[in-house]
Structure formats: C-alpha cells, structure tokens
1. Here are the criteria: (1) loosely packed, with under 14 Cβ neighbours inside 10 Å; (2) modelled with pLDDT of 95 or more. Tell me which single one T78 does not satisfy.
2. Mind checking which residues of the range 7-18 are part of a loop (DSSP other than H, G, I, E, B) and surrounded by 15 or more Cβ atoms within 10 Å (Cβ to Cβ)?
3. Any residue in the range 16-24 that is basic (K, R), more than 20 Å from I101 (Cα to Cα) and out of contact with any helix residue (DSSP H, G or I) (no Cβ under 8 Å at 6 or more places or on another chain)?
4. Does G31 satisfy the criteria of being small (G, A, S) and in contact with a helix residue (DSSP H, G or I) (Cβ under 8 Å, 6 or more places away or on another chain)?
5. So if I check each of V41, V91, which one is in the same structural domain as K4 (by TED's automatic domain parsing), among the hydrophobic types (A, V, I, L, M, F, W, C) and either within 17 Å of the chain's Cα centre (by Cα) or modelled with pLDDT of 95 or more (or both)?
6. Does the range 50-75 hold any residues that are more than 15 Å from the chain's Cα centre (by Cα) and either under 22 Å from K17 (Cα atoms) or surrounded by 10 or more Cβ atoms within 10 Å (Cβ to Cβ) (or both), and which are they?
7. Considering only residues of the range 36-93 that are in contact (Cβ under 8 Å) with a residue 60 or more places away in the chain, aliphatic (A, V, I, L, M) and part of a strand (DSSP E or B), which is farthest from N24 (Cα to Cα)?
Amino acid sequence: MKIKQGDKVIVIAGKNKGKTGTVNRVLKKSGKVIVDKINIVTKHIKKTAQSPGDRIKVERAIDISNVMLICPQSNKRTRVGYKILETGKKVRFCKTSDYIIDQKAQTKAKK
C-alpha cells in the first residue's frame with residue numbers, strides 16, 4: 001500500500017471531502033484506512049446490569065481510494081510512486097515534487 005500509518009492525508013471523496021488528518025491505522029485486508037477525526041459516527045451502547053447505556057463517537061474506516069497523500073515538502077496533495085535508491089532500498093516518493101517520503105531511507109541515502 002502506498003499510504004502508511006502516520007501519513008498526512010486529505011479526503012478526496014465522500015461526506016468528509018476536503019478534510020485533512022493523520023492516518024491512525026491501515027487495514028490491509030479490506031483496503032481501508034482510519035484517519036484521525038474523520039468519518040466520525042455515533043455508536044450506541046446498550047445498557048446492561050453493570051453499566052448504563054451510552055452514545056460514543058467512533059472513527060470509522062475510509063476506503064484507501066478516497067484519500068490522497070499530502071506531500072510533506074509542498075503541502076499539496078500528490079500521488080505516490082516507488083523508487084529504488086543506490087543502496088538498494090525501495091522508498092516512496094511524491095510524484096509532483098520528486099520528494100522522498102520515507103525519512104529514514106532518505107538520510108541513509110545522503111550519507
């Protein structure tokens with residue numbers, strides 16, 4: 001997957017279109033992501049003998065095709081590609097600015 005946990009993304013489709021947030025979790029099997037403070041729904045908890053009923057706000061998953069990565073360098077939305085560095089490391093890069101997203105690999109490449 002081209003989007004990983006901790007990436008800053010923008011929603012490009014759906015009811016939350018235009019909102020930005022950080023990816024909390026990537027669900028690889030279903031091809032979805034959970035983004036911080038995006039796609040919030042109210043979940044109703046039924047009352048039991050031990051606890052009262054309640055309504056809580058929960059972040060639900062968004063399909064990965066409905067979000068786009070925000071380039072850390074230019075702060076614009078961008079598509080993601082892969083490159084293989086001279087060290088043999090495969091890294092992600094922004095197609096608009098040719099900026100290497102994976103910082104650990106970038107610092108190793110400069111040395």
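1. (1)
2. First, pick out the residues of the range 7-18 that are part of a loop (DSSP other than H, G, I, E, B): 7, 12-18.
D7, N16, listed by residue number.
3. As a first pass, look at the range 16-24 and keep what is basic (K, R): 17, 19.
With more than 20 Å from I101 (Cα to Cα) added as a condition, the list becomes 17, 19.
The next check asks that each one be out of contact with any helix residue (DSSP H, G or I) (no Cβ under 8 Å at 6 or more places or on another chain); those that pass are 17, 19.
Yes, there is a match, as at least one residue in the range 16-24 is basic (K, R), more than 20 Å from I101 (Cα to Cα) and out of contact with any helix residue (DSSP H, G or I) (no Cβ under 8 Å at 6 or more places or on another chain).
4. Numbers: small (G, A, S): yes; in contact with a helix residue (DSSP H, G or I) (Cβ under 8 Å, 6 or more places away or on another chain): yes.
Criteria met by G31.
5. V41
6. The first filter runs over the range 50-75 and keeps only residues more than 15 Å from the chain's Cα centre (by Cα), leaving 50-58, 73-74.
Result: D54, K57, V58, Q73, S74.
7. V80
The values are calculated or read from the model by the stated rules, or taken from the named source; none is laboratory data. Note that the coordinates shown come from a computational prediction; the quantities given were computed from them, not determined experimentally. A quick note on method: Cβ atoms are made from the backbone with ideal geometry, for glycine too, and the neighbour counts reach across all protein chains shown.
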